[in-house]
């Protein structure tokens, strides 16, 4: 395939040399898989995998008004966050439509001054950058987009923390989930956070582009005895689906209100204001809005995005993601259905390319790691 | 079967033509290249015995973790046999795509479409481009 005009990550050459099947993902040339999605998925669940996620947008906010600006744009409270803490949040427009789901990091310069980092979806980077600059007003902030001069590696799996800690002496096991630390990895400056998008333990490493291949290579080598794999976007998708994590463009979009998503932990309405707040308050009080559910489909056939959901022959909703998943060995889906169809255990039907397939509403996540 | 003895569709199906009681029968499968590209196969739907198909019609479908792909019939005729064990042992498609990985046999009723099929060398050139 042609990859002209696509952005490339610092690991592009590595992917090409190691059999990465490159696809256009949000304008980036990214590996969808190296060998097999199932193998890469299973390695992440049982050992450890490396994912190149350098395509994710990485912003920095400096200046005294950074907190106030971010606070005015996020569904989750950012004000009062502790240094080195990270929060998952949504960004909404005035109508409550979801513009993106993001991570906000509160960090600190050695001078003691706070600053913020934000990681956004690759597909929404330009949109969110424009949205931020549009709402900056006369606030005193310095906004920097570091997507192209840094890279990002996710190390995920039950042995991820052990691997990174042993090899880099980064005190990862002492760090709580959703915290980060700026320190060194293999002698170069890096921000390491205990975050991820697989439902496994692990961390994500951000460093300057020129250091990313070295960090990747050394982790890749050091992890061989643990059964480490490089994993592509294909496995990343099946892993996040099992963990019932929403994917922008599927479970989240400008046509979806946060009140429908089941992500109540990421919505703080009390004693604060942000763009979209009113629309969320209204949506929460609306008993007729469709809600996100998890479905287990009978048989091995997967429902895909756009498959229609029925109950007693009547259309009640639509599938947003679905796949046969390697860990569970089941066909699972997420979708949005009428609020009277969300009861766990409820029997629904999905139209899979003309065939009505039985499906049962199940609790999310589909998979949780043992802790 | 050797791939050199087969004819191919652009969409990666193969067919082996042989005579059987006066009429020609096409044994149909999907190529090693297709299996390699699909990877992670999880589901296959076979056609029904007795079904009438025209060349280019959907014969069945094969699904990988990532996506579903139709299987097109390279020939026109009637399905007379299907490889019933294959959906439960999809790994056969990896180990023996041109032999035990056959999908269906079709009694050919109209040979006019055969001329549009590619030989193996032409097909390989398509896969390499």
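Among the residues of the range B:1-10, write down those that are surrounded by 14 or more Cβ atoms within 10 Å (Cβ to Cβ) and at pLDDT below 95. Even if it seems obvious, please write down each step before you answer.
Within the range B:1-10, the first condition is being surrounded by 14 or more Cβ atoms within 10 Å (Cβ to Cβ), and the residues that meet it are B:1, B:3, B:6-9.
If the condition is that a residue be surrounded by 14 or more Cβ atoms within 10 Å (Cβ to Cβ) and at pLDDT below 95, then B:1, B:3 are the ones that fit.
Looking at the range B:81-90, is at least one residue more than 14 Å from every other protein chain (Cβ to nearest Cβ), in contact with a strand residue (DSSP E or B) (Cβ under 8 Å, 6 or more places away or on another chain) and either buried (at least 22 other Cβ atoms within 10 Å of the Cβ) or part of a strand (DSSP E or B) (or both)?
Of all residues in the range B:81-90, those more than 14 Å from every other protein chain (Cβ to nearest Cβ) come to B:81-85.
Filter again for in contact with a strand residue (DSSP E or B) (Cβ under 8 Å, 6 or more places away or on another chain), leaving B:81-83.
Filter once more, keeping what is either buried (at least 22 other Cβ atoms within 10 Å of the Cβ) or part of a strand (DSSP E or B) (or both): B:81-82.
Among the residues of the range B:81-90, at least one is more than 14 Å from every other protein chain (Cβ to nearest Cβ), in contact with a strand residue (DSSP E or B) (Cβ under 8 Å, 6 or more places away or on another chain) and either buried (at least 22 other Cβ atoms within 10 Å of the Cβ) or part of a strand (DSSP E or B) (or both), which makes the answer yes.
The residue pairs whose first member lies in the range A:295-309 and is more than 12 Å from chain B (Cβ to nearest Cβ), whose second member is in a loop (DSSP other than H, G, I, E, B), and whose beta carbons are closer than 8 Å, counting only pairs six or more residues apart or on different chains, are A:295/A:303; A:296/A:366.
Among the residues of the range B:46-65, just one is within 11 Å of chain A (Cβ to nearest Cβ) and surrounded by fewer than 14 Cβ atoms within 10 Å (Cβ to Cβ), namely B:58.
Only a single item in (1) over 26 Å from the mean Cα position of the chain (by Cα); (2) surrounded by 15 or more Cβ atoms within 10 Å (Cβ to Cβ) is not met by residue A:263, and it is number (1). Right, residue B:123: surrounded by 15 or more Cβ atoms within 10 Å (Cβ to Cβ) and more than 11 Å from the chain's Cα centre (by Cα) or not? When the stated conditions are applied, residue B:123 passes them.
Criterion applied to A:359, A:279, A:363 was being closer than 16 Å to residue A:256 by Cα and out of contact with any helix residue (DSSP H, G or I) (no Cβ under 6 Å at 6 or more places or on another chain), and the one residue passing it is A:279. Considering the range A:217-239, and only residues there that are away from chain B (no Cβ under 11 Å), within 20 Å of residue A:328 (Cβ to Cβ) and touching a strand residue (DSSP E or B) at 6+ places or on another chain (Cβ under 7 Å), the residue that is surrounded by the fewest Cβ atoms within 10 Å (Cβ to Cβ) turns out to be A:229.
For the range A:8-20, a tally of residues being surrounded by fewer than 18 Cβ atoms within 10 Å (Cβ to Cβ) and at negative phi returns 5.
Of the candidates A:159, A:129, A:125, A:139, the single residue that is in contact with a helix residue (DSSP H, G or I) (Cβ under 7 Å, 6 or more places away or on another chain) and farther than 22 Å from residue A:77 by Cβ is A:159.
Got at least one residue in the range A:132-148 being without any contact (Cβ under 8 Å) to a residue 24 or more places away in the chain, surrounded by fewer than 22 Cβ atoms within 10 Å (Cβ to Cβ) and within 29 Å of residue A:27 (Cα to Cα)? Yes: one or more hits.
Residue B:99 falls short on exactly one of the conditions (1) more than 30 Å from residue A:330 (Cα to Cα); (2) touching a residue at least 60 places away in the same chain (Cβ under 8 Å); (3) surrounded by fewer than 17 Cβ atoms within 10 Å (Cβ to Cβ), and that condition is (1). Of the helices (runs of 4 or more DSSP H) contained entirely in the range A:2-94, those carrying at least 2 residues that are in contact (Cβ under 8 Å) with a residue 60 or more places away in the chain and within 14 Å of another protein chain (Cβ to nearest Cβ) fall at A:37-46. If only residues of the range B:26-40 that are touching a strand residue (DSSP E or B) at 6+ places or on another chain (Cβ under 6 Å) and at pLDDT 95 or above are counted, the one that is surrounded by the fewest Cβ atoms within 10 Å (Cβ to Cβ) is B:27.
In this structure, does residue A:321 turn out to be in a strand (DSSP E or B), within 11 Å of chain B (Cβ to nearest Cβ), modelled with pLDDT of 95 or more and crowded, with 18+ Cβ neighbours inside 10 Å?
no
Number of residues in the range A:333-367 that are at pLDDT below 95 and not in a strand (DSSP E or B) equals 2.
Against the condition closer than 15 Å to residue A:336 by Cβ, modelled with pLDDT of 95 or more and away from every other protein chain (no Cβ under 14 Å), how does residue A:277 come out, does it pass? Give the steps one after another, and end with the answer.
On the way: closer than 15 Å to residue A:336 by Cβ: no; modelled with pLDDT of 95 or more: yes; away from every other protein chain (no Cβ under 14 Å): yes.
Taking the combined requirement at face value, the residue does not satisfy it.
Exactly one residue among A:95, A:100, A:65 is in contact with a helix residue (DSSP H, G or I) (Cβ under 8 Å, 6 or more places away or on another chain) and surrounded by fewer than 19 Cβ atoms within 10 Å (Cβ to Cβ), and that residue is A:95.
The values are calculated or read from the model by the stated rules, or taken from the named source; none is laboratory data. Since the model is a prediction, treat every value here as computed from it, not as a measurement. Positions of Cβ are backbone-derived with ideal geometry, glycine not excepted, and every protein chain shown enters the neighbour counts.
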